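Since the structure comes first, as structure tokens, the remarks are kept for the end.
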Amino acid sequence: MELLKQISPFVLTLSLAGVVVSVGLSSTRGDFLYAVRRPGLLLRAVVAVDVIPPLAAVLLMRLLPLDSAVKAGVVLMAISPVPPLSPGQELKVGARREYAYGLYVALALLTIVTVPMVLAIATRAFGRQDTVSVATLAKSLLVGVFIPLATGVAVRAVAPGIAARIAPWLYRLSTPLVSLAFLPMIVSLWPTIISLVGDGALLAMALVVLIALVGGHFLGGPDRVDRGTLAIASAVRHPGIAMMLAGANFTDARVRAAVLLFMLVGLVVGLPYKQWLKRTGATSVANHL
């Protein structure tokens with residue numbers, strides 16, 4: 001476990017890059033520009049992903065008498081959008097490829113602006129002035145998103161047949177490695193994570209996830225599939241960004257534990273919604289046969 005703990009940052013970086021490369025291998029230029037070419041759709045997505053979750057988190061954390069570390073972890077996760085795994089989760093419940101990939105790329109680009117801005121606004125509600133360097137965030141996105149994405153696109157342009165064959169295998173290989181990379185962090189912080197359970201912490205985290213799901217669902221437009229896509233994009237937060245924000249602004253290890261606890265709660269709370277999307281999607285297909 002100690003060896004796994006030491007190599008987990010490398011495994012996490014490599015596996016996340018693999019996920020993003022698989023997106024590039026599976027995409028076209030039109031997919032990436034889908035959201036950008038539809039300002040109304042993009043505006044609704046920004047509200048659903050970058051406004052509603054942080055606003056819900058700040059309001060709930062101001063109202064509820066929770067541990068300060070829990071409050072910090074919840075707010076930081078609510079501020080941190082578009083993890084690389086979100087397009088894959090959306091596609092599994094029937095999302096249109098161009099919508100899932102278009103949202104991912106557009107919102108990832110906007111993260112360079114939205115995360116520092118929302119962080120500054122949200123933390124002032126608690127009498128803090130936390131910040132994140134735009135250059136640091138841009139470098140993280142360049143290495144973690146745009147270079148792997150460009151690599152996948154380049155391979156697809158040169159050898160589309162090979163790209164189509166290796167994309168699903170790369171995604172299937174990279175996804176479990178992401179979970180494996182987080183395992184040492186969860187194990188090492190598990191006593192701290194358990195200590196944060198109680199006094200309504202789990203309920204507060206679940207409420208933030210549910211509000212994000214509902215916001216994305218109703219802002220996703222009239223189509224059930226698009227609603228589900230935006231709901232998942234809104235509710236699934238990026239623990240990597242949240243950890244980076246926690247490391248830059250907090251010395252208390254309990255904040256990182258709260259981030260991981262929120263991630264686990266989000267996985268559990270979002271599961272019934274994803275299962276509902278799969279069932280209703282299968283029903284819709286059957287009704288058209």
Over the stretch 100-223, give the accessible area per residue in Å² for a 1.4 Å probe, as an integer.
50 Å²
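At a 10 angstrom cut-off on C-beta neighbours, averaged per residue, how do the peptides 77-84, 253-260 rank from highest to lowest?
77-84, 253-260
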Given Cα positions, please report Rg to Rh for the stretch 106-207, the hydrodynamic radius being the Kirkwood one.
1.09
Ranked by how many other beta carbons lie within 10 Å on average, peptides 194-201, 212-219 from highest
212-219, 194-201
Accessible surface of the stretch 91-216, 1.4 Å probe, proportion on carbon and sulfur as whole %:
73 percent
Taking Cα pairs under 8 Å and at least six residues apart, what relative contact order does the chain come out at, in percent?
34 percent
Debye sum, Cα scatterers, the stretch 152-289, no solvent: what log₁₀ I/I(0) at q = 0.13, 0.14, 0.17 1/Å?
-0.79, -0.88, -1.09
Starting from the alpha-carbon convex hull of the chain, give the projected area averaged over all orientations, in nm².
15.4 nm²
To the nearest Å, what is the center-to-center distance of the stretch 37-108 and the stretch 222-283, using C-alpha atoms only?
8 Å
List the residue ranges in the chain for DSSP H helices whose C-alpha atoms run 20 angstrom or more along the long axis and whose Kyte-Doolittle average is 0.5 or above.
2-26, 97-124, 160-188, 201-219, 253-287
Place the peptides 139-145, 225-231 in order of packing, highest mean first, counting for every residue the other Cβ atoms within 10 Å and averaging per peptide.
225-231, 139-145
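The values are calculated or read from the model by the stated rules, or taken from the named source; none is laboratory data. Just so it is clear, the model here is predicted, and its values are computed rather than measured. Cβ: placed from backbone, ideal geometry, glycine included. Neighbour counts: every protein chain shown. Heads up: the accessible areas ignore ligands, DNA and RNA and are worked out on the full protein's heavy atoms, side chains in. Shrake-Rupley method; radii C 1.70, N 1.55, O 1.52, S 1.80 Å.
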